[in-house]
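Take a look at the structure set out below.
The values are calculated or read from the model by the stated rules, or taken from the named source; none is laboratory data. A quick note: this is a predicted structure, and the numbers were derived from the prediction, not measured. Here Cβ is always computed from backbone atoms with ideal geometry, including for glycine, and neighbour counts include all displayed protein chains. The accessibility values were calculated without ligands, DNA or RNA, using every heavy atom of the protein model including side chains. Shrake-Rupley method; radii C 1.70, N 1.55, O 1.52, S 1.80 Å.
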Amino acid sequence: MIHTLRSRAGTRLRELELLITASLLLIVGLGTLIARDGGLVRWADLAIVVAFTGLFVATSFALALRGWGEDQLLLPIAALLSGLGMVLARRLEPDLLARYGSLYGSIALKQVIWVLSGAVLLALISFVPWRMRWLRHYRYTWLACGLLLVAITAVFGVERNGARLWLDLGLFQLQPVEPLKILLVVYLATYLDDRRNLIGSSAYRLGGMRLPPLPYLLPLLIMWGLTAGLIVVQKDLGAALLFFAVFLAMLYLVTGQASYVAAGLLAFGAGAWALYGIFGHVQPRVDAWRDPWADPFGAGYQMVQALYALANGGVAGAGLGFGDPTSVPESHTDFVFAAIGEELGLVGGVGLLLCYALFALEGYRIALRSRDGFQQLLAAGLTTAIVAQALIITAGTTNLIPLTGITLPFVSYGGSSTLVNFMMLGILLRISAANKPPAVL
Amino acid sequence: MSTPKDRRQATADRQLLARRWRLRWAAAVAGLCASVALSGCSALSGLGIGPTPTPVPPLYRYDTAIATAEAGADREAQAAAYYARAGAHFEQGDYAAAIEDYGRAIELDPANARAHNDRALAHQALGQFEQALADFDAATRIDPAYTRAYKNRVALLEVTGGDPERLAADYGRLAELEPAAAAAHRYRQGVVLHGLRDFAAARAAYDAALAADPQHVDALYERALLSYAEGRLQDAIADLDRAIRLSPRAANAYYARALARSARGDRSGALDDLTAALALDPDNPEALLARAAIALDAGDREQAAADLARLELLAPDDQLAAAADALRQKLRAP
Amino acid sequence: MDRLRQIVAWLGLFLGLAILALGLLAPDAMQWRLHLLTGLWLLSLLPRAHVSRRLPPPARGVARLTLVVVLALGAVGLQLLREQVVWADATRERVALLRQPAAAAPDAATAVRPADRTSLGSGRVWPVEAGTATRGAIRDRNGVLLAETRDGRRVYPLADLGHIVGFQSRLYGNTGVEATFDDELSGASTLSPTALLEARLLGTPFDPRPADVRLTIDVELQKAAQAALGEQPGAVVLLDPRSGEILALATYPRFDPNQLVLPERASEADVAQVQAAWQALIERQDSPLLNRATQGRYPPGSVIKTFTAAAALDSGVLSGPEAQVTCPNRLETEAGAPPVVNAVENLARRTGDPSDLRRVYAWSCNTAFAQIGLALGPERFIEYARRFGLGFADAPSEPPLRDIAADAGTIAGSAEFLQRPAALADTAFGQGQALVTPLDMALMAAAVANNGALMRPYLVQEVRAGDEVRYQARPEVLRQVITSQAALQMRAVMQTSVEVGYAAPVALPGVTIGAKTGTAEAPPGAPHAWFVAIAPVEQPRFAVAVIVERGGEGSRTALPVARQVLAAALGVQP
């Protein structure tokens, strides 16, 4: 037993090294901020570093001891990103306080709590024995719970920026859309896996496009439609876009037909055009995207500020703590990427994107080597969820696509987002643990 | 069944593994220690309790930029740094500090027209209009093609209502600098000159505005009023006809044309125009008075009485009220 | 085929890179996004070919998905490159320009289409100050100055015409012509509403243009009338019956309007002076402020017989001047009423018996006219009274003179009064309740003189402002009172009164005059002396009415006044 443990203990060394690097990033970042503030180290800072490093290293070690799979990349990337998120939260806190008031009183501490809780959650998911079956068999239950939560939020939720996205649970605020992400991916994975052959076969042709048999696609579309509709009613367009992207990706994986994707994009285009007409708040977003300079102090203000921040960053960045990222509204949630772009420069931004690219590669690799179809779809779906979210928000903040209000996974300040992302990571690790070894040809 | 070779290999592998493991653990521990050492020692005042970090002043980066520039000897860089901080002060509303910094930037780089312009705006925000004007003058002297300075100066002069000659000259210059908006500038120049009663120059300005934009209804209207004041009723009515064709819902154009027609003796035309004007703007006291007067002249006493009654309900200003009273007297006397 | 795909893929790679590079340099964002899409798609050809060739089908989907994700992240990376490196300076410039504090410039920000404009122009309203100008002057028909503003003070060179010209006092208001033509004299009438509106719209000056007033009064005749009246309280009215122009309008006692006028800058002493003068005038018992000529109402006495005779001639009650009329000493009109008696006992000796209209008129036989009045009857009497402009106290007629304040005389208190024969008879010869003004009597004579056409009397000839005639009086026929035949006959009757009768002393050499005396009983006190005359009788150019209050007999006191006035008017030495 000890022998096996000992032999297993060294299996995740690469991950350990990478975690050390992540901790170093955290330490250097915190050190820069402390030096800027006058060089006063607090016990809290030390505690944070120790706790962070300790938790992740411990998780890694425990994973190693359990003899799980070969994936050694996802956890360090997540640790790196969340460490960066903590550093940024701490960097932005005093500026936000000065600029916008006491609303942003303790975001640094809160983010630390969220990240550490996320790590604990990750550990729980990884080590508490649960069956994948539970996801499969109770999929409607899970989805119904999620939709119910979202519906409750739509009615009883806290209104912020014109949308009711948050449910106030006293101690903290929950954003039900986040867990709905996982539940939807799970549901889609199970459903598509069940009906894989049926959907894969092309029964109808519409013009030059093939369509899957309608009786089987229809419930799927309805479920998705309900989800998306609820989101649209709540005016959470970022989540709607994300869910749609995930849906299309998983559909493509199952059917292998690019034409379905094309049809889906057309439908999305039509929906967007309809939205543009019906919802008043879509138009300013689109106008701000097309030319933020047209109304630089009104609709386009946020984007102009973000572009200016990016321009200020240059290649090497202005330096952590030397930029003015809080001039961009929502710089701790939606526009962290602009803050990173400003203070860490092109290099930092591209580095961040590389992290997400690596995450995607690793996630899809896990999907490829999954034990069964369901897990493959699940892994691919979860990876797509995280990476697509990152794509949507980074493209939005840099004015490549119209801005939508979603968070940068792991980096943005936000409890629900961080926790749910760690949960997804946990499931991915679980799947990777169950991976088939690579076929030896 | 493992051969001795295999066993040796396995041992070697284990040792290699163990060594790697030790190295890596050592590196990890070293890194941690280094990070602790890097942080330095401070008072052990408990977890989470300690003096809050000094808040970074919002102009921190500007100050550092200035410090950096002054360390060097590049006057232009220093001027740019001071200019940047002045801009930040201005944005925060600290206009006095902004003026100071702009002053320093100007000292270091006197040919910077933008700094003069911005300082003038800061003066204007503080209500120091003479200094603002002086700075605008400096800006335009340095760069006679600095459109923004001219625009700001005309804004200032329009607000303070002073020096109409200079205002007119500025509009003229703006028309030269911005040919795309020449019509608007020439029109405003015409309005200022019109107010000065320099009718010839005003007419030239309106003509220029209409040359740039033949559909500039405001210029047509004002030129018509000019012609009317000079007694050229034909031209006035022609211009007003054009203006009304372009803007059929402009009540005051109908009103002006009504007065012009009445001056020419065309009472029925005047009444038609006044009816149109009142249809568009029913509570216009001047139009009501005009219609009452012209109707009375034409002999339509009921119309005059009705209009005067409605005028009374509107409680017009003293002059109109007095004229309405005189008209009422005339109405009563046969 | 495979090779071709490879070549195409590699070409696509390079082309894609080129397009991306070009797009990075494109200033327009949408162009760049298009470049980005095309470039990335071209770049993806090679990996996709690789995926199709190298990977087994199950892995292809995931691989392609991975490719899409990586390319998308690459797109974001390229966008970062563009924003942070290539166009960073431009963005900084733009933001610096935005951040450059600028006041809102009055650009053509309102891009409202002309067709939607509801108001044109600068919306400027010119400030209008009504200018002040010197008040106009008042002159007589020959240009003699009667009123003028000198150095801010209203001056009346001839202090005797206060009751015609009136005065302009800031304390006590305006009277006379100053009042009636105040708008024209001050120029306020030129401040028309349209002038005000034009001034507000165009900035044209808004100055009043005062006008000068020219009266019909002839100062020489006026002076003659005033001299003739002397200091006897009463009035003289001289008018031209052909047009209605009033040539002289004298009244006594008079006042000096200069005393009631304040200068422009009045000191307290000035004000006190004027107030004292006013008080003095008001407190006098003989009412100097009253214009007896137009507003003094007296019983007409025998001069009303002119009216009765004219009515009788016109209505046919009497066929002509020779119509037979008796002149008894007393006449019973009605049971219970005192009989009508003549002023002189046994007047039949003078008039003859039977007499005719001429002689009863000349000798002023009350009883004869009482009969005539009764013969006319109340309806006709009232009708003729109305025609001559005499109404009732409860239903007064409108004064015909509009240029200054005037009263209309009344023939009786009410129409019911004249239903009684005694009252009718009394009124017919000059008693009763009739109260008339000297102007009424002059108009009565003027109607007879003008072939029965009663002209509207007027004082103001013309109102002129520079070259502009703002008002021109035109003779207006008020009504045809009697036929010209009757008028002719009446004139003959009046001529007889001068040839033989009480009015004989008025005769002037070379002129025929028609006249009537009157002695109006007005107890208590002496009767009022009346005299009306027209001259020359053939084509009368003048009609005059004189009253001397409490003057006793008309032939004694009123007649000489009229004679002097007529002499002056006719240019004859009395």
Query - Selected residue (criterion: farthest from the other protein chains (Cβ to nearest Cβ)) from residues of region C:94-113 that are modelled with pLDDT of 75 or more and part of a helix (DSSP H, G or I) - result: C:Arg94
Report task. Would you point out the residue of region C:505-560, among those that are open to solvent by 50 Å² or more (accessible area, probe 1.4 Å) and touching a residue at least 60 places away in the same chain (Cβ under 8 Å), that is nearest to C:Met444 (Cα to Cα)? Result -> C:Arg541
Query raised in the report: Can you list the helices (runs of 4 or more DSSP H) found entirely within region C:326-421 that contain at least 1 residues being buried (at least 24 other Cβ atoms within 10 Å of the Cβ) and at pLDDT 90 or above?
Result: C:357-362, C:366-387
Query raised in the report: Can you name every residue in region A:281-305 that is in contact with a Phe, Trp or Tyr (Cβ under 7 Å, 6 or more places away or on another chain) and either more than 9 Å from every other protein chain (Cβ to nearest Cβ) or surrounded by fewer than 19 Cβ atoms within 10 Å (Cβ to Cβ) (or both)?
Result: A:Val282, A:Gln283, A:Val286, A:Gly300
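Take A:Gly351 and tell me if it is away from every other protein chain (no Cβ under 12 Å) and not in a loop (DSSP other than H, G, I, E, B).
Values: away from every other protein chain (no Cβ under 12 Å): no; not in a loop (DSSP other than H, G, I, E, B): yes.
Judged against the criteria, A:Gly351 is not a match.
Looking only at residues that are modelled with pLDDT under 85 and at negative phi in region A:22-40, which one is farthest from the other protein chains (Cβ to nearest Cβ)? Before you say what the answer is, go through the steps one by one.
To start, the set of residues in region A:22-40 that are modelled with pLDDT under 85 comprises A:35-40.
Subset that is at negative phi: A:35-37, A:40.
Working: A:Ala35: 10, A:Arg36: 7, A:Asp37: 4, A:Leu40: 6 Å.
Checked region A:22-40; the qualifying residue farthest from the other protein chains (Cβ to nearest Cβ) is A:Ala35.
Can you confirm whether A:Asp45 is open to solvent by less than 40 Å² (accessible area, probe 1.4 Å), more than 19 Å from A:Ala433 (Cα to Cα) and modelled with pLDDT under 90? Even if it seems obvious, please write down each step before you answer.
Numbers: open to solvent by less than 40 Å² (accessible area, probe 1.4 Å): yes; more than 19 Å from A:Ala433 (Cα to Cα): yes; modelled with pLDDT under 90: yes.
For A:Asp45, the condition - open to solvent by less than 40 Å² (accessible area, probe 1.4 Å), more than 19 Å from A:Ala433 (Cα to Cα) and modelled with pLDDT under 90 - is met.
This table checks each residue for (1) part of a helix (DSSP H, G or I); (2) crowded, with 24+ Cβ neighbours inside 10 Å; (3) not small (Gly, Ala, Ser).
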| position | (1), (2), (3) |
| --- | --- |
| B:Arg197 | no, no, yes |
| B:Ala205 | yes, yes, no |
| B:Leu210 | yes, no, yes |
| B:Asp218 | yes, yes, yes |
| B:Ala236 | yes, yes, no |
| B:Leu271 | yes, no, yes |
| B:Thr275 | yes, no, yes |
Report summary line: By residue number, the members of region C:179-232 that are in contact with a helix residue (DSSP H, G or I) (Cβ under 9 Å, 6 or more places away or on another chain), open to solvent by 50 Å² or more (accessible area, probe 1.4 Å) and under 30 Å from C:Leu570 (Cα atoms) are C:Asp212, C:Glu220, C:Lys223, C:Ala227, C:Gln232
Query raised in the report: Just wondering, is there one or more residues in region A:149-161 that are at pLDDT 85 or above and of a type in the set (S, T, N, Q)?
Result: no
Query raised in the report: From B:Leu296, B:Leu311, B:Leu289, which residue is over 13 Å from C:Thr194 (Cβ atoms), in a helix (DSSP H, G or I) and not hydroxyl-bearing (Ser, Thr, Tyr)?
Result: B:Leu311
Query - Filtered residues of region B:175-190 (kept if surrounded by 24 or more Cβ atoms within 10 Å (Cβ to Cβ) and within 11 Å of chain C (Cβ to nearest Cβ)) - result: B:His185, B:Tyr187, B:Arg188, B:Gly190
**Report entry** Residues located in region B:109-135, provided they are more than 14 Å from B:Tyr146 (Cβ to Cβ), hydrophobic (A, V, I, L, M, F, W, C) and surrounded by fewer than 21 Cβ atoms within 10 Å (Cβ to Cβ)
**Finding:** B:Ala125, B:Leu126, B:Phe129, B:Leu133, B:Ala134
Query raised in the report: Out of the residues in region A:102-148 that are at pLDDT below 80 and open to solvent by less than 20 Å² (accessible area, probe 1.4 Å), which is farthest from A:Ala434 (Cα to Cα)?
Result: A:Gly146
Query raised in the report: Within region A:354-398, which residues are open to solvent by 10 Å² or more (accessible area, probe 1.4 Å) and either among the hydrophobic types (A, V, I, L, M, F, W, C) or more than 30 Å from A:Arg133 (Cβ to Cβ) (or both)?
Result: A:Leu354, A:Cys355, A:Ala357, A:Leu358, A:Leu361, A:Leu368, A:Ala388, A:Leu391, A:Ile392
Requested in this report: Taking C:Leu289 as the residue in question, decide whether it is farther than 21 Å from C:Gly413 by Cα, outside any helix (DSSP H, G or I), open to solvent by less than 40 Å² (accessible area, probe 1.4 Å) and out of contact with any Asp or Glu (no Cβ under 8 Å at 6 or more places or on another chain).
Outcome: no
**Report entry** One residue from C:Ala72, C:Ala59 being open to solvent by 20 Å² or more (accessible area, probe 1.4 Å), facing another protein chain (nearest Cβ under 7 Å) and part of a helix (DSSP H, G or I)
**Finding:** C:Ala72
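Working only within region C:114-143, note down all residues that are hydrophobic (A, V, I, L, M, F, W, C), assigned to a loop (DSSP other than H, G, I, E, B) and within 17 Å of C:Gly466 (Cα to Cα). Full working, then the answer.
We begin by selecting, within region C:114-143, every residue hydrophobic (A, V, I, L, M, F, W, C); these are C:115, C:120, C:125-126, C:128, C:130, C:133, C:137-138.
Still in the running and assigned to a loop (DSSP other than H, G, I, E, B): C:120, C:125-126, C:128, C:130, C:133, C:137.
Hits for region C:114-143 are C:Ala133, C:Ala137.
Right, C:Gly131: modelled with pLDDT of 85 or more, away from chain A (no Cβ under 14 Å) and under 22 Å from the mean Cα position of the chain (by Cα) or not?
Spelling it out, it is not the case that C:Gly131 is modelled with pLDDT of 85 or more, away from chain A (no Cβ under 14 Å) and under 22 Å from the mean Cα position of the chain (by Cα).
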Report summary line: Counting only residues in region B:136-146 that are part of a helix (DSSP H, G or I) and surrounded by fewer than 16 Cβ atoms within 10 Å (Cβ to Cβ), the one nearest to the other protein chains (Cβ to nearest Cβ) is identified as B:Asp137
Query raised in the report: Hey, A:Val50 hits all of (1) free of Cβ contacts under 8 Å to residues at least 40 places away in the same chain; (2) facing another protein chain (nearest Cβ under 7 Å); (3) of a type in the set (A, V, I, L, M, F, W, C) but one; which does it fall short on?
Result: (2)
**Report entry** Selection count, region C:449-494, where residues are surrounded by 22 or more Cβ atoms within 10 Å (Cβ to Cβ), charged (D, E, K, R) and closer than 17 Å to C:Arg387 by Cβ
**Finding:** 0
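Which is over 23 Å from C:Val128 (Cβ atoms) and in a helix (DSSP H, G or I), of B:Arg257, B:Arg249, B:Arg223, B:Arg173?
On the way: B:Arg257 fails: over 23 Å from C:Val128 (Cβ atoms); B:Arg249 fails: in a helix (DSSP H, G or I); B:Arg223 fails: over 23 Å from C:Val128 (Cβ atoms).
Testing whether each residue is over 23 Å from C:Val128 (Cβ atoms) and in a helix (DSSP H, G or I) leaves just B:Arg173.
Condition (residue is assigned to a loop (DSSP other than H, G, I, E, B), under 18 Å from A:Leu40 (Cα atoms), within 14 Å of chain A (Cβ to nearest Cβ) and modelled with pLDDT under 60) applied to region B:17-39: is it met by at least one residue? Before you say what the answer is, go through the steps one by one.
Our first condition is that a residue be assigned to a loop (DSSP other than H, G, I, E, B); within region B:17-39, this holds for none.
No, because not a single residue in region B:17-39 is assigned to a loop (DSSP other than H, G, I, E, B), under 18 Å from A:Leu40 (Cα atoms), within 14 Å of chain A (Cβ to nearest Cβ) and modelled with pLDDT under 60.
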Report task. Using the structure shown, decide if A:Arg90 is modelled with pLDDT under 85, open to solvent by 30 Å² or more (accessible area, probe 1.4 Å) and either under 27 Å from A:Cys355 (Cα atoms) or in a helix (DSSP H, G or I) (or both). Result -> no
Query - Selection count, region C:423-467, where residues are hydroxyl-bearing (Ser, Thr, Tyr), more than 24 Å from the chain's Cα centre (by Cα) and within 20 Å of C:Val237 (Cα to Cα) - result: 1
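Yes or no, residue by residue, for (1) part of a loop (DSSP other than H, G, I, E, B); (2) more than 9 Å from chain B (Cβ to nearest Cβ); (3) without any contact (Cβ under 8 Å) to a residue 60 or more places away in the chain:
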{"site": "C:Ser189", "(1), (2), (3)": "no, no, no"}
{"site": "C:Pro205", "(1), (2), (3)": "yes, yes, no"}
{"site": "C:Arg209", "(1), (2), (3)": "yes, yes, no"}
{"site": "C:Val213", "(1), (2), (3)": "no, yes, no"}
